[in-house]
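Taking it in order: structure first as structure tokens, then the write-up.
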Amino acid sequence: MLLGLSLVIDPACHKGMSAMKRKNEDVAADRRIEKLRDIVTLPATPAEVWFEQVARGTPGGLGPTDYLLIAVIRFERADLARITSAAQHRPGSPPRIPMTANRPWLPEPLKAAIRPYDSHSASIRGDKFEAAPFAKSPFLSGTFVVVEGGEYVLLVLETS
């Protein structure tokens, strides 16, 4: 004997999906310098920071989840000159960043400097460096870009 099955979708399910979509769209950056200092090495005291940790992979899925740290840091020009003189320059024109680093909360000068490059990356006007001056476990690899104009740094670090 076959039983007739019907699919019933609970309205609460739709509310949950809508709330999850809004949550992803309404992501705000953390602005606390001391909190960022707990996560990465700050080679100088910044004037302002914006940052977010983004899961790479499926949280709650099988295996570990790695994270991407996206941070915008505004330094005084003298501090930034000292940081870049100690960092290894990464050649390449234009510098590229992962598309996930192009966050909705980026300050306007950064938004203006970023352009889509391909389906996985964006180009950014500026100079790219190894992120060693900022690295701190578990965020040990990545790069930073001194955005054209020389006031903002876009830092992209990842766990490995």
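The values are calculated or read from the model by the stated rules, or taken from the named source; none is laboratory data. Owing to the predicted nature of the structure, the values given are computational and were not obtained by experimental measurement. Neighbour counts are summed over all protein chains in view; Cβ atoms, including those assigned to glycine, are modelled from backbone coordinates with ideal geometry. Just so you know, the surface numbers come from the protein's heavy atoms only, side chains and all, with ligands and any DNA or RNA stripped out. Shrake-Rupley method; radii C 1.70, N 1.55, O 1.52, S 1.80 Å.
What are the residues in the range 85-105 that are of a type outside the set (D, E, K, R), buried (at least 18 other Cβ atoms within 10 Å of the Cβ) and not in a loop (DSSP other than H, G, I, E, B), if any?
Of everything in the range 85-105, those that are of a type outside the set (D, E, K, R), buried (at least 18 other Cβ atoms within 10 Å of the Cβ) and not in a loop (DSSP other than H, G, I, E, B) turn out to be Ile97, Ala101.
Can you tell me which condition Arg125 does not meet? The list is (1) more than 19 Å from Arg77 (Cα to Cα); (2) open to solvent by 60 Å² or more (accessible area, probe 1.4 Å); (3) in contact with a helix residue (DSSP H, G or I) (Cβ under 7 Å, 6 or more places away or on another chain), and all the others hold.
(1)
Return the residues of the range 129-148 that are buried (at least 22 other Cβ atoms within 10 Å of the Cβ), on the phi < 0 side of the Ramachandran plot and not β-branched (Val, Ile, Thr); say none if nothing qualifies.
Scanning the range 129-148 gives Phe129, Ala131, Phe134, Phe139, Phe144.
Starting from the range 25-46, keep only residues that are in a loop (DSSP other than H, G, I, E, B), then list their pairs with residues that are open to solvent by 70 Å² or more (accessible area, probe 1.4 Å) whose Cβ atoms are within a distance under 8 Å, requiring at least 6 positions of separation or different chains.
Cβ pairs passing all conditions: Val27/Pro104; Val40/Lys136; Thr41/Lys136; Pro43/Arg82; Pro43/Ala86; Ala44/Glu76; Ala44/Arg82.
In this structure, does Val72 turn out to be over 20 Å from Asp127 (Cβ atoms), touching a helix residue (DSSP H, G or I) at 6+ places or on another chain (Cβ under 7 Å) and open to solvent by less than 60 Å² (accessible area, probe 1.4 Å)?
No; evaluated as a whole, the condition is false for this residue.
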